[in-house]
1. Restricting to the chain, compute how many DSSP beta bridges are antiparallel as a %, nearest 5.
2. What percent does the relative contact order of the range 1-75 come to when contacts are Cα pairs within less than 8 Å and at least six residues apart?
3. Residue by residue through the range 103-112, which ³J(HN,Hα) values in whole Hz follow from phi under the Karplus form 6.51 cos²θ - 1.76 cosθ + 1.60 (θ = phi - 60°), with glycine and proline marked x?
4. Quick check: residue separation of N83 and Q1 times 0.36 nm, minus the Cα distance between them. What number comes out in nm?
5. Can you tell me the length gained on complete extension of the stretch A103 to S115, counting 0.36 nm per residue apart and subtracting the Cα distance?
6. Tell me, what ³J(HN,Hα) does each residue in the range 68-80 have, in order and in whole Hz, if you take phi through Karplus 6.51 cos²θ - 1.76 cosθ + 1.60 with θ = phi - 60° and put x for Gly and Pro?
Amino acid sequence: QVHLVESGGGAVQPGGSLRLSCAASGTTFGIIAIGWYRQAPGRERELVATIARDDTANYTDSVKGRFTISRDNAKNTVYLQMNSPKPEDTAVYLCKAETFWGAKWGQGTQVTVSS
């Protein structure tokens, strides 16, 4: 089993920066890729960014050039660096691990972008 815990959320002003963390524990050798998703009130959950074992990263168009996904294998942690956030980035951010045994979600962390 893989267990994910997100942290780092909070309130940030537009144009500021915030770094989210997704710490994995358990049978982490079974993780194929990890992605960050977000869900705003009244909207569907959407993919923000993913990173694979070979560090290949993909982003949704709305965050390209502003957000960066990275990983620290020694800490079993994936980060989402959010630069120049916009009010429309406000959402609960969740990480999801694709594993050999299926998908596993974290509990999420709230990000609020407001002046």
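A short reminder: the numbers here are calculations on the coordinates, not readings from a lab. These numbers come from a predicted model, not from an experiment.
1. On the way: 43 of 46 bridges.
Rounded to the nearest five, the antiparallel share is 95 percent.
2. Values: 85 pairs, mean separation 15.1, N = 75.
Relative contact order, the range 1-75: 20 percent.
3. Those phi angles translate into 8, 9, 10, x, 8, x, 9, 7, 10, 10 Hz.
4. Working: separation 82, 0.36 × 82 = 29.52 nm, distance 3.25 nm.
That works out to 26.3 nm of additional length.
5. On the way: separation 12, 0.36 × 12 = 4.32 nm, distance 3.57 nm.
That works out to 0.7 nm of additional length.
6. 9, 9, 8, 9, 10, 5, 5, 9, 6, 10, 10, 10, 10
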